[in-house]
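The values are calculated or read from the model by the stated rules, or taken from the named source; none is laboratory data. Quick caveat: nothing in here was measured; it's all calculated off a predicted structure. All Cβ positions, glycine included, derive from the backbone under ideal geometry; neighbour counts span all protein chains shown. Ligands, DNA and RNA are stripped out before the accessible areas are found, and what is left, the full protein with its side chains, is counted by its heavy atoms. Shrake-Rupley method; radii C 1.70, N 1.55, O 1.52, S 1.80 Å.
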Amino acid sequence: NIRIKTLTGETYPLNEIADYKIERGEVGINHYNGKKEIKVEADQANMDAPTIEITNKIQEKIIPKLKEKFPTVETKFRGQAQRAEESAGPLIIVVLLVLLFVPLVLALNFGSLMQAFIVVTVIPTGLFCAMLGHGLEGRPFSLLSAWGVIALVGIIINDSVVMLDTYNRYIK
């Protein structure tokens, strides 16, 4: 029966604003890495909203207030934020390996640094098109997007190699 007051001064019953259920919680103390844990879970209301912006707002506005009241409390973001953090390292390694070994393999394959350079110049085009596509669709660039861009770059390089090989055969 509780009523919630909005910024405009109107009040609404809680059951009109939110879906909730009252039930007995688990009895017990959860631990994570040997410390007591309180888990807060949430789903985004707007699935198109960028998760990074939401977690940044939480870190900038909510967590400092918590730290003020409870200085010994530690906070950790898990789930998608944790997976993104864990995948950032391997993602950077993959990108560096691609930028190092693809031109080398292409130069050895074609016997020409110029032809390897031509193939490598399509990589920025693929990156630009991926960013443009995200912008046109209004989608945030996510970790899944980054892995998709790596796959796109692989496809573009493969197509360029096939085109350049065909070109070289026609020249011969």
Completion exercise
Out of (1) at pLDDT below 80; (2) surrounded by 11 or more Cβ atoms within 10 Å (Cβ to Cβ); (3) closer than 26 Å to N158 by Cβ, the one A84 does not meet is (3)
Handout entry: Criterion: out of contact with any Asp or Glu (no Cβ under 8 Å at 6 or more places or on another chain), of a type outside the set (K, R) and at pLDDT 85 or above - qualifying residue of L113, L91
Key = L113
Handout entry: Options A116, A130, A151; residue that is under 30 Å from K57 (Cβ atoms) and assigned to a helix (DSSP H, G or I)
Key = A130
Practice task
Given the conditions (1) in a helix (DSSP H, G or I); (2) over 13 Å from V98 (Cβ atoms), report the number of the one that P140 does not fulfil.
Solution key: (1)
Practice task
Name, by its number, the condition in (1) at pLDDT 85 or above; (2) open to solvent by 80 Å² or more (accessible area, probe 1.4 Å); (3) among the hydrophobic types (A, V, I, L, M, F, W, C); (4) farther than 30 Å from A42 by Cα that does not hold for V161.
Solution key: (2)
Practice task
Kindly provide the set of residues from segment 94-129 that are open to solvent by 40 Å² or more (accessible area, probe 1.4 Å) and within 18 Å of S145 (Cβ to Cβ), ordered by number.
Solution key: V94, V95, V98, P124, T125, L127, F128, C129
Handout entry: Single unsatisfied condition, L144 versus (1) within 30 Å of T55 (Cβ to Cβ); (2) open to solvent by 40 Å² or more (accessible area, probe 1.4 Å); (3) touching a residue at least 24 places away in the same chain (Cβ under 8 Å)
Key = (3)
